[in-house]
Amino acid sequence: MKIEEAITWIHSRLPFGSRPGLDRVEALLEVVGHPERQVKTIHIAGTNGKGSTVTYLRCLLEEAGLTVGTFTSPYIESFNERISINGQKIPDKELIKLVQKYQPLVEQLDQFEAVAGITEFETLTAMAFDYFLCQKVDVAIIEVGLGGLLDSTNVAVPMLTGITTIGLDHTDILGDTIEEIAAQKAGIIKRGVPVVTGNIETPALEVIKKQAKLKNAPIYSLKENYMITYQRPADKWGEVFTFHNETGKMTHLSTAMIGQHQVENAGMAIELYQIYCKIEELPFREKDIKKALKKAQWPGRMEKISEEPLVILDGAHNTHAVKRLVQNLKKEFQGYQINLLFSALKTKDVESMLSQLKEVPNVHIYLTTFESPKAIDLSSFTDLVDENLSIVSLWQFGLAEILEKMTDEDVLVVTGSLYFISEVRTLLLQLGGKHEL
């Protein structure tokens, strides 16, 4: 079997779609001996910030000398990166081996109506736990795919859980209100297992606190149990901040990613890390924390892919993330002419996202689409065209046009769907490698 065949088979489970519930994934895990019960796990949910928080936490745990598995989605550079150990994606031969093991099992379960139609994500969830057990990781950080309560990753038996943010996204599945969505995310809270929360507004946080109380789970909340004080942008790229909790205060911490929300993600990762160290009776040193935060990079999240011309990629794929992007652009790029190449999935509130992006001073938005059945149809947005918004039918041409006319006073920000970002990133790297188009 070749890697292309292996990935094609995994994708072939996609037509079954997102089907909330744990029956199918549990049936599959039972057949392979429940690896999820044998791997120490940290489970992370949230509307936005999951990927960055997972990356910061992985780097912190690695700096402590641990072998750390991560299960994340979607991918930016290659499919294999969804299952990684210490930042190294699963090798092709290992993924092929897993497909050869799981293909007959999944097809066997298809014969039983109650558990037929195991999806791509459910299959990958089982494979990830299996791989981490075989590779004897010290701890695996598992990112929720969608929601929490009924997400297939909720088979995890975590020692720690985290909820980064709550925003209105996937309302067709998770609910129409912040409180309903918070209840879904809070579904990952387990009896007696500590939960750390990020920057979450009060109505949603109250729902999470209520669930934590029901489960007798200690809760550690931003602004209550740990504090983050934003200081300033870092000299070259990133942000500088102060962190303090009951164990003490750390000043002049700096991230390698820009945006005030990255400070919140890093702070939450530090809190999770310190609780993990207490549980496992490991020392935590300030110098390790500082070193780890500087190492943490997450492709497609305020990622500077070129210096001259200045090109940034940011997967602001829903209204909550766009709000953060707008704040960052206003703060970090005052005086620049901002060119935004934007596309999204049609399931998102695209008009609201565009309305927010128009609030950025000196902005011109190039609205486009990309190769995906879920991508927006540009004909739905022709009435939005004005002096600040153009429609570009082929993003490759739009990208070339923007790059050609850019000066030192311009910045290009490619944003929207992470699937779109991934396509553009691949082309930009082919054009000349990172930092030098």
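For region 382-403, state whether one or more residues are part of a helix (DSSP H, G or I), closer than 17 Å to Asn318 by Cα and either touching an Asp or Glu at 6+ places or on another chain (Cβ under 8 Å) or open to solvent by 30 Å² or more (accessible area, probe 1.4 Å) (or both). Taking every residue of region 382-403 in turn, none turns out to be part of a helix (DSSP H, G or I), closer than 17 Å to Asn318 by Cα and either touching an Asp or Glu at 6+ places or on another chain (Cβ under 8 Å) or open to solvent by 30 Å² or more (accessible area, probe 1.4 Å) (or both). One residue alone among Ile219, Ile181, Ile189 is under 23 Å from the mean Cα position of the chain (by Cα), open to solvent by 20 Å² or more (accessible area, probe 1.4 Å) and not basic (Lys, Arg), and that residue is Ile219. Criterion applied to Ala204, Ala266 was being more than 19 Å from Lys291 (Cβ to Cβ), small (Gly, Ala, Ser), under 24 Å from the mean Cα position of the chain (by Cα) and not in a loop (DSSP other than H, G, I, E, B), and the one residue passing it is Ala204.
When Ala217, Ala186 are checked against the criterion of being at pLDDT 95 or above, in contact with a strand residue (DSSP E or B) (Cβ under 8 Å, 6 or more places away or on another chain), assigned to a helix (DSSP H, G or I) and assigned by the TED database to the domain that holds Val144, Ala186 stands alone in meeting it. Scanning region 95-122 for residues that are surrounded by 17 or more Cβ atoms within 10 Å (Cβ to Cβ) and either touching a strand residue (DSSP E or B) at 6+ places or on another chain (Cβ under 8 Å) or acidic (Asp, Glu) (or both) yields a count of 3.
Of the residues making up region 52-82, those that are buried (at least 24 other Cβ atoms within 10 Å of the Cβ) and part of a helix (DSSP H, G or I) are Ser52, Thr53, Val54, Thr55, Tyr56, Leu57, Arg58, Cys59, Leu60, Leu61.
Residues of region 42-51 that are in a strand (DSSP E or B) and among the small types (Gly, Ala, Ser): Ala45 alone. Number of residues in region 338-369 that are open to solvent by 20 Å² or more (accessible area, probe 1.4 Å) and in a loop (DSSP other than H, G, I, E, B) equals 9. Scanning region 275-314 for residues that are open to solvent by less than 10 Å² (accessible area, probe 1.4 Å) and either at pLDDT below 90 or within 26 Å of Pro194 (Cα to Cα) (or both) yields Tyr276, Cys277, Ile289, Ala292, Leu293, Ala296, Gly300, Met302, Ile305, Ser306. Under the condition of being surrounded by fewer than 15 Cβ atoms within 10 Å (Cβ to Cβ), part of a loop (DSSP other than H, G, I, E, B) and over 24 Å from the mean Cα position of the chain (by Cα), the residues counted in region 21-33 number 1.
Here the condition is being of a type in the set (A, V, I, L, M), at pLDDT 95 or above and either exposed (fewer than 13 other Cβ atoms within 10 Å of the Cβ) or not assigned by the TED database to the domain that holds Ile258 (or both); of Val424, Val414, it holds for Val414 alone.
The values are calculated or read from the model by the stated rules, or taken from the named source; none is laboratory data. This one's a predicted model, so the numbers in the text were calculated from it and none came from an experiment. Quick reminder, even Gly has a Cβ in these numbers, built from the backbone with ideal geometry, and neighbours come from all protein chains shown. Note: areas computed on protein heavy atoms with side chains; ligands, DNA, RNA excluded. Shrake-Rupley method; radii C 1.70, N 1.55, O 1.52, S 1.80 Å.
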